[in-house]
Amino acid sequence: MDFTKDVVVPAALSEILSRIFSFLFDNLTTRPAPGARDAHRRRLEQLLGNIGSMVEEAEGRHITNHQLLSHLKALTAGMYRGRFALEVTDLDDATNAAAGDIDDADAAAVGKRSFALCSSFNRAKRSRVTRLILGGGGAVGRNADGGGEDGTERLAAVVEELESLTRDYMREFIMLVQGYPRRIHRPVTTTLYMDRCVFGRHVEKERIVDFLLHRAPPNRAPFLSALAVMGAKKVGKTTLVKHACDDERVRGHFAAIEWFETPAVVRAGGAPDQTIWESGGPEYLAGVRRILGEARFAVAGAGRSLLVFEDAWPIDESEWAALAASPASAAFAGGGSKILITCRDGDVARIGTAEPVVLETLRQEEYWYYFKAFAFGGADPRDHPRVAAVAREISGHLERTFLDARVLGTLLRANFDARFWRKVLAAIVRCERRPMHVGVLLELLPVRGRLQSYGYCRSPPKFTVQDVLSAGVTGGGGESEEGFTVHLCRETLYMDHWYSITFKNDDVAAPAPPVL
């Protein structure tokens, strides 16, 4: 028996023929019909209009039912996926048309060839990046090579998903929403809910507001009524709580709303000159106990109070239970006073009397809309395909924190040039420091001094990031001869302060500051 002739050759021929027939079958059966893309696009726009109206109606009402809020969250997520799929398709078309304008010299800035930086990018490369932006677990527009030709399959997939979503929620959702009272209308002048609405956290905010307005049973231990807002660092816990406290329903319900950061609580429970780093832990609970016992929080004298403890330390559950059942807690909570706690640890969250509000990172589709509102302002990304291509990749590389989008997006908008945006992308790819925006600025800013600190300050710094970029600040000339501070962004909700980074001058003499 000739093994090669009788076994190997037939097996090889069978494999080759199988692959040929599979290729022909896939291409003949999955090729979109003429006009299918336009039909999918029209259907998707119709679905997005319907879902957008439902979401707008629901967000304009005071919804307290948790199941209905979960339906709203699903509809909102589907709306962003649909909008993003539509925009990705349009941007791919615009980027295709402008592909010849992107040169290889610009691509060298990052040291890797991507669809945003390379003159010879093709559909497969764009599809891989699109899949990255759509999220690792998403199913929108995904097939063997990561996306459908000309976006047709991507549009078809998201249309199918949204049709299923509206079948599940449409009729019952509209009927139930109409039974809740309307909220006071506050006009929104941009697509980003900048001041009065927290982006991407509407459902979580409503859960917090519902807890704060709900009256706990009187004279029943444990007396303290507490809710924990839990999430990773920089996920937006404090921002969410600030928005909830700024809600007109909450402001009208509580006579006093006070915030307590960890150092202040530790000082209240320890020695007058004790620092947070010298505490072994018991001082935090002692500080909470002392704050609750203050006369200004007594219901008879001041009405209801809301106390917010930021980044709470781990607290022994048995000791907390004893505090919650004490007479001092009964006096504090007797008229409806409540406690909010932000934390990263599930052990801390368990001391609450309600199920904790857990914050996850924004989905990539939602984060793109938050980021582009800062980076593009009122401009349409489709009118600027070169920078839009880079912006999409920048958005995909960021860690989806609000502060990264605010600081870097504002910087990009002030320097609306594709070359500068690719420079920022290169810095992001190389960045290892966290928070990421600080590491990127350290690489981009022409500052000779070394980083001393970053955080919030009460008075406005003299320099902005744009001042440093345009004037070439190299050290000195700030608030003292030892260093200077650069303003990154301003927080005006509930507390007015500036987020900034401070540089310390080198030992050698620094040149005089530029005239700005």
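Residue separation times 0.36 nm, minus the C-alpha to C-alpha distance between Gln46 and Asp168: what's the value?
Values: separation 122, 0.36 × 122 = 43.92 nm, distance 1.70 nm.
Working it through step by step, the gained length comes to 42.2 nm.
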Using alpha carbon centers only, segment 208-270 is separated from segment 344-368 by a whole-angstrom value of 15
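Quick one: net charge around Val203, please, counting Lys, Arg +1 and Asp, Glu -1 for every other residue with C-beta under 12 Å from its C-beta.
Details: positive: Lys73, Arg201, Lys205, Arg207; negative: Glu59, Glu204, Glu206, Asp210, Glu360.
It works out to a net charge of -1.
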Determine the share of segment 381-471's accessible area contributed by carbon and sulfur atoms, expressed in whole percent, with a 1.4 angstrom probe. 45
Virtual spin-label span in nm between Met175 and Val358, 7 Å along Cα→Cβ: 3.2
Net charge (Lys, Arg +1; Asp, Glu -1) of residues whose beta-carbon lies under 14 Å from that of Ile257, Ile257 excluded, is +1
Which links in Lys338/Lys372; Lys205/Lys504; Lys73/Lys234; Lys242/Lys423; Lys234/Lys423 stretch past 30 Å when you go from one Cα to the other? Lys338/Lys372; Lys205/Lys504; Lys242/Lys423
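So how do Met79, Met175 rank on accessible area, 1.4 Å probe, biggest first, that is with the largest at the start? Spell out each step's value before the answer.
Values: Met79 10, Met175 130 Å².
Listed by decreasing accessible area, they come as Met175, Met79.
The values are calculated or read from the model by the stated rules, or taken from the named source; none is laboratory data. These figures come from a predicted structure and were not determined experimentally. Note that each Cβ is placed from the backbone with ideal geometry, even for glycine, and that neighbours are counted across all protein chains shown. Side chains are part of the model used for accessible areas, which takes the heavy atoms of the whole protein and leaves out ligands, DNA and RNA. Shrake-Rupley method; radii C 1.70, N 1.55, O 1.52, S 1.80 Å.
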